[in-house]
Amino acid sequence: MQITNRPWGSYTVLYSSPKTQVKILRVAPGGRLSYQTHEKRSEYWVIVAGEGTVTLDGVQATALAGDAYVIDIGVAHRIENIGTEDLIFTETQIGLYFGEDDIIRLSDDYGRAEDSE
């Protein structure tokens, strides 16, 4: 399995098929993913370890181990590590396409969106 590094941490693809992909993501303390949507996939997140804040269409919730989130196609979403340890979660993607170019960044801390924060 290959680890893919990102400015916020890393992810590893655990399983991939034509209709689903499963990743494990590690978000470093203080890191957060882009506020983003997808047109071709939904996602299911399960928090494994750490403490974070999940934002779904502008609504924030605390994310702790055992919490699960359903992110339908078109829902704006992000997760942020607010703890001192790595935030670890699984991401199961369901859809027709799983490429990174299906990420529509609404805002991004790392300069990867037109309206970066």
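Things to note:
- Inter-centroid distance (Cα atoms) of region 1-30 relative to region 50-77, Å: 17
- Answer label, with Rg/Rh (Cα atoms, Kirkwood Rh) calculated from the coordinates and candidates [x] 1.02; [y] 0.93; [z] 0.98: [y]
- Computed extension gain for R6 through S107, at 0.36 nm per residue and net of the alpha carbon distance, reaches 34.8 nm.
- Spacing of the modelled spin labels on A61 and T92, each 7 Å from Cα toward Cβ, amounts to 1.7 nm.
- Excluding ligands, DNA and RNA, the accessible surface per residue across the chain is 52 Å² with a 1.4 Å probe.
- Computed accessible area, Y44, all protein chains, 1.4 angstrom probe, square angstrom: 90
- Here the chain is treated with +1 on each Lys and Arg Cβ and -1 on each Asp and Glu Cβ, and its dipole about the Cα centre works out to around 380 debye.
- Peptides 1-9, 85-93 ordered by packing proxy, namely the average of other Cβ atoms within 10 Å per residue, highest first: 85-93, 1-9.
- The accessible surface of the chain, taken with every protein chain in place and a 1.4 Å probe, is 53 percent carbon and sulfur.
- Loop-located GluC sites (Glu not before Pro) across region 1-70 with a Cβ neighbour count of 12 or fewer within 10 Å are E39, with loop assigned by DSSP.
- Simple rule: put +1 on each Lys or Arg Cβ and -1 on each Asp or Glu Cβ in region 1-62, find the dipole, and look at L56, S42, I3; the Cα lying farthest toward the positive end is I3.
- ³J(HN,Hα), Karplus 6.51/-1.76/1.60, whole Hz, each residue of region 33-40, x for Gly, Pro: 6, 4, 7, 8, 10, 9, 9, 10
- Seen from G99, the other residues with C-beta closer than 12 Å to its C-beta sum to a net charge of -2, counting Lys and Arg as +1 and Asp and Glu as -1.
The values are calculated or read from the model by the stated rules, or taken from the named source; none is laboratory data. Bear in mind that the values here come from a model prediction, so they are computed numbers and not experimental data. Virtual Cβ from ideal backbone geometry, glycine too; neighbours counted across all protein chains shown. Quick note on the areas: whole protein, heavy atoms, side chains included, nothing else; ligands and nucleic acids left out. Shrake-Rupley method; radii C 1.70, N 1.55, O 1.52, S 1.80 Å.
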